[in-house]
């Protein structure tokens, strides 16, 4: 019997970048069309804007309507919960957010719980309460940016609730730690964020840093992930190499997927 392999969703962190017009989006693409064009090149995206507040129901409906049937949105949990209330959601922000996120129906992927670097293990009671209260019909993945969280106890806690431990290639935790954790998923899916070591890159129109060595290490880790996973989600930030669509295509290629040439996207604009 052949082992099944997880579905791999590769995309970028956000889509609304004017600097991508030309190198990725066809020249003269209007911002209102960015998502539609993006979704012809990639099957998934991590939405950054939800971090700053819960969008109106019409926004979720618009995202749904402008993307193909099999497109997947990963959403950041609002910072009002993660940073301001430090996971203690006494204001009911989460209930509203979850209700609206469900408007994406089958296009809703994991909800990313991005915590701040100063959210340290002294906050464990808040994490325990949070993972014990999130809706079971939604997928969650937690990004810890403090090294003290990567313990057997925390891994067991997340695994018990089928909540992902976000694998981030950034400046907070050594890559070797993340690569080792990639082989020990805490949920039936894995979630990877390629962030880069700093925020020095401000020109998002071209690749400026060679990340082949890092990408090769992650490709190996993804290929060695357990066959019990149903999905692997991976999103590239512009700050990783300078121009995330190019790096995302490179990752797709090395995973055996067929990247979409940006030069062909202009031919499809007439379909709108």
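See the values below:
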{"read-out": "Residue in segment 153-171 that is modelled with pLDDT under 95 and not in a strand (DSSP E or B) present", "value": "yes"}
{"read-out": "Failed condition for residue 36, given (1) surrounded by 13 or more Cβ atoms within 10 Å (Cβ to Cβ); (2) assigned to a loop (DSSP other than H, G, I, E, B)", "value": "(2)"}
{"read-out": "Residues satisfying the stated conditions in segment 208-235, i.e. more than 18 Å from the chain's Cα centre (by Cα) and either crowded, with 18+ Cβ neighbours inside 10 Å or at positive phi (or both)", "value": "211"}
{"read-out": "Selection status of residue 99, modelled with pLDDT of 95 or more, surrounded by 15 or more Cβ atoms within 10 Å (Cβ to Cβ) and not in a loop (DSSP other than H, G, I, E, B)", "value": "no"}
{"read-out": "Given (1) assigned to a strand (DSSP E or B); (2) out of contact with any helix residue (DSSP H, G or I) (no Cβ under 7 Å at 6 or more places or on another chain), number of the condition residue 10 does not satisfy", "value": "(2)"}
{"read-out": "Top-ranked residue in segment 114-133 [being crowded, with 19+ Cβ neighbours inside 10 Å and not in a helix (DSSP H, G or I); ranked as farthest from the chain's Cα centre (by Cα)]", "value": "119"}
{"read-out": "Some residue of segment 243-251 being more than 17 Å from residue 207 (Cα to Cα) and outside any loop (DSSP other than H, G, I, E, B)", "value": "no"}
{"read-out": "Filter result (surrounded by fewer than 16 Cβ atoms within 10 Å (Cβ to Cβ) and either in contact with a strand residue (DSSP E or B) (Cβ under 6 Å, 6 or more places away or on another chain) or in contact (Cβ under 8 Å) with a residue 40 or more places away in the chain (or both)) within segment 134-147", "value": "138"}
{"read-out": "Residue 65 vs. criteria over 20 Å from the mean Cα position of the chain (by Cα) and more than 23 Å from residue 142 (Cα to Cα)", "value": "yes"}
{"read-out": "Test: residue 20 is modelled with pLDDT of 95 or more, crowded, with 21+ Cβ neighbours inside 10 Å, touching a strand residue (DSSP E or B) at 6+ places or on another chain (Cβ under 8 Å) and more than 26 Å from residue 146 (Cα to Cα)", "value": "no"}
{"read-out": "Unique match (being under 18 Å from residue 43 (Cα atoms), touching a residue at least 12 places away in the same chain (Cβ under 8 Å) and in contact with a strand residue (DSSP E or B) (Cβ under 6 Å, 6 or more places away or on another chain)) among 246, 237", "value": "237"}
{"read-out": "Condition broken by residue 107, with the remaining ones in (1) surrounded by fewer than 19 Cβ atoms within 10 Å (Cβ to Cβ); (2) out of contact with any strand residue (DSSP E or B) (no Cβ under 8 Å at 6 or more places or on another chain) satisfied", "value": "(2)"}
{"read-out": "Conditions (1) touching a residue at least 40 places away in the same chain (Cβ under 8 Å); (2) loosely packed, with under 15 Cβ neighbours inside 10 Å; (3) touching a helix residue (DSSP H, G or I) at 6+ places or on another chain (Cβ under 9 Å); number of the one not met by residue 151", "value": "(1)"}
{"read-out": "Conditions (1) in contact with a helix residue (DSSP H, G or I) (Cβ under 9 Å, 6 or more places away or on another chain); (2) surrounded by fewer than 20 Cβ atoms within 10 Å (Cβ to Cβ); (3) modelled with pLDDT of 95 or more; (4) part of a loop (DSSP other than H, G, I, E, B): number failed by residue 186", "value": "(2)"}
{"read-out": "Unique match (being surrounded by 14 or more Cβ atoms within 10 Å (Cβ to Cβ), touching a helix residue (DSSP H, G or I) at 6+ places or on another chain (Cβ under 8 Å) and under 25 Å from residue 9 (Cβ atoms)) among 158, 87", "value": "158"}
{"read-out": "Condition met for residue 27 (in a loop (DSSP other than H, G, I, E, B) and at negative phi)", "value": "yes"}
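The values are calculated or read from the model by the stated rules, or taken from the named source; none is laboratory data. Predicted model only: the values in this text are computed from it and were never measured. Cβ coordinates were reconstructed from backbone atoms using ideal geometry, including for glycine residues, and neighbour counts include every protein chain displayed.
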